[in-house]
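For reference, the structure discussed in these notes is given below.
The values are calculated or read from the model by the stated rules, or taken from the named source; none is laboratory data. In this text, all values refer to a predicted model and were calculated from it rather than measured experimentally. Heads up, the Cβs are rebuilt from the backbone with ideal geometry, glycines too, and the neighbour counts pull from every protein chain shown.
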């Protein structure tokens, strides 16, 4: 793949991942759409886009998705939306990313993977940063929302682990989104008394599902074979930073000292772990 295409697809992928946090936060803060409806529309839009692209590409590699992965995807999307009712874009992305990496690193340890001294130091540093971020105080995020985002990160980590070697990423993602969409519809029906639809909120959910989720995953999986594992992991460290900057620019969110220090600890600690793996 040409270098210019690798750079373009990588940048688009990282912007798409960060934009998911921004779109969800903007929708829930500036429109009347409820979290369950946002989740439902996002998953349906993602399923449609991924299904269309998967059928247009006609790749020989197979991939179908499965219900366990779909349930993990649904749990991530639902917890993500409900957490962003009260979290800022940057804080939410930081907790999400930390929880995703902690889940995947923890799985590696459970499977017998050995960490070096610097990796253990990085893991402890990252955990300390996460604890410091949610400790009670004026700048601390709401504990309930932080816990929900940790759940979102953990389930996304599970979804990512289950996706390894599952077949063509686009087909697998399409199959999982198609299975997760009915679960989101059921959630909306269960919470029908809280359902509020807003044209602009629906638009944000469609963009989040169809473009920054659906196309974002396609871009990332397309460029991933051209990136070294360490490079891919390092590039993902930029996602919470991009989301925080977007929150400051587009939502007027404050950049607290606590968030800065926690970001340095969490991202720096994870960086030590993944770069040494």
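For this structure, a couple of remarks:
- Yes/no for residue 272 being modelled with pLDDT of 75 or more, assigned to a helix (DSSP H, G or I) and farther than 12 Å from residue 91 by Cα: yes
- Taking the numbered list (1) buried (at least 19 other Cβ atoms within 10 Å of the Cβ); (2) modelled with pLDDT of 90 or more; (3) under 23 Å from residue 167 (Cα atoms) in turn, residue 10 passes all entries but (2).
- Residues of the stretch 252-265 classified as closer than 19 Å to residue 100 by Cα and at pLDDT below 80, total: 1
- You will find that of 50, 87, 96, the residue that is buried (at least 19 other Cβ atoms within 10 Å of the Cβ), within 16 Å of residue 156 (Cα to Cα) and in contact with a helix residue (DSSP H, G or I) (Cβ under 8 Å, 6 or more places away or on another chain) is 96 and no other.
- Taking helices (runs of 4 or more DSSP H) as the structural unit, those lying wholly within the stretch 206-251 and holding at least 3 residues that are modelled with pLDDT of 85 or more and surrounded by fewer than 16 Cβ atoms within 10 Å (Cβ to Cβ) correspond to 238-251.
- Near pairs, Cβ below 6 angstrom, 6+ apart or cross-chain, from the stretch 242-257 (within 13 Å of residue 93 (Cβ to Cβ)) to any residue that is modelled with pLDDT under 85: 243/90; 244/90; 247/90; 247/253; 248/255
- Residue that is assigned to a helix (DSSP H, G or I), over 18 Å from the mean Cα position of the chain (by Cα), more than 26 Å from residue 16 (Cβ to Cβ) and in contact (Cβ under 8 Å) with a residue 24 or more places away in the chain, where the choices are 133, 121, 109: 121
- Residue in the stretch 26-40 that is out of contact with any helix residue (DSSP H, G or I) (no Cβ under 7 Å at 6 or more places or on another chain), free of Cβ contacts under 8 Å to residues at least 24 places away in the same chain and either closer than 25 Å to residue 170 by Cβ or surrounded by fewer than 17 Cβ atoms within 10 Å (Cβ to Cβ) (or both) present: no
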